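Worksheet: one structure, shown below.
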Amino acid sequence: MAGELIMIVEDNERNLKLLRDVLGVYGYRTVEARSGEEAVVLAREERPQLVLMDIQLPGMDGVSALRELRGSPQSSATPVVAVTAFAMKEDRERCLAAGFDAYLEKPVNVRELRSCVESYLGAGATGTQL
Ligand code: MN
C-alpha cells in the first residue's frame, strides 16, 4: 500500500526529525503532534493508520493520550507504538500492559522502526532500503 499516514507524537525536535525523515524516505506520509493533547485532536482530524507515541510529553503523557485514543471510536482500533527512552527492561512490559501494540526503544534503530511499521502497514510507497 502506498502513502499510508503515520502520526508521530514527539516533543523533542531531533527525534521528531529523525522519524519524519526516515518514514518519508520509506514513502509513508506523516503528521506530527508535540503533545498528548495535540495527538488526540490530530488523530480525530487526520485519521492516521498508525501512531508512534513518545511517552514523556509535556502535559498529557503518552499513556494518557493512548487511553484517549482508545476511547474514541475513530481511533480505538488504530495501532499505537510506544517510542520511549526509558532504559529499564520492565518498561517494555509496562508499555504493553498500558495497551500499546508495540514498543520501540530510543535511540530508534531504523531497521527496527521499519520492520515494526511494515508489520502494520506493509511496505512504504518507495520501498527504499536504508
Ligand atoms: Mn518526550
Original post:
Within the range 79-116, how many residues are at pLDDT below 90, away from the ligand (no atom under 16 Å from the Cβ) and either touching a helix residue (DSSP H, G or I) at 6+ places or on another chain (Cβ under 8 Å) or under 21 Å from A43 (Cβ atoms) (or both)?
Top reply: 1
Original post:
Which numbered condition trips up E38, out of (1) in contact with a strand residue (DSSP E or B) (Cβ under 6 Å, 6 or more places away or on another chain); (2) within 16 Å of the ligand (Cβ to nearest atom)?
Top reply: (1)
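Do the conditions hold for V25, that is, is it farther than 25 Å from G122 by Cα and more than 15 Å from the ligand (Cβ to nearest atom)?
Working: farther than 25 Å from G122 by Cα: no; more than 15 Å from the ligand (Cβ to nearest atom): yes.
So V25 does not fit the description; no.
Could you look through the range 58-97, keep only residues that are acidic (D, E) and surrounded by 12 or more Cβ atoms within 10 Å (Cβ to Cβ), and pick out the one that is nearest to D11 (Cα to Cα)? Please lay out each step first, then the result.
Of the residues in the range 58-97, the ones acidic (D, E) are 61, 68, 90-91, 93.
Then drop every residue that is not surrounded by 12 or more Cβ atoms within 10 Å (Cβ to Cβ), which leaves 61, 68, 91.
Working: D61: 11, E68: 18, D91: 20 Å.
Going through the qualifying residues, I end up with D61.
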Original post:
Out of the range 1-22, which residues are surrounded by fewer than 16 Cβ atoms within 10 Å (Cβ to Cβ) and within 16 Å of the ligand (Cβ to nearest atom)?
Top reply: N12, E13, R14, K17
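The values are calculated or read from the model by the stated rules, or taken from the named source; none is laboratory data. In this text the structure is predicted, and so the values were computed from the model without any measurement. No Cβ is skipped: glycine too gets one built from the backbone with ideal geometry, and neighbour counts run over all protein chains shown.
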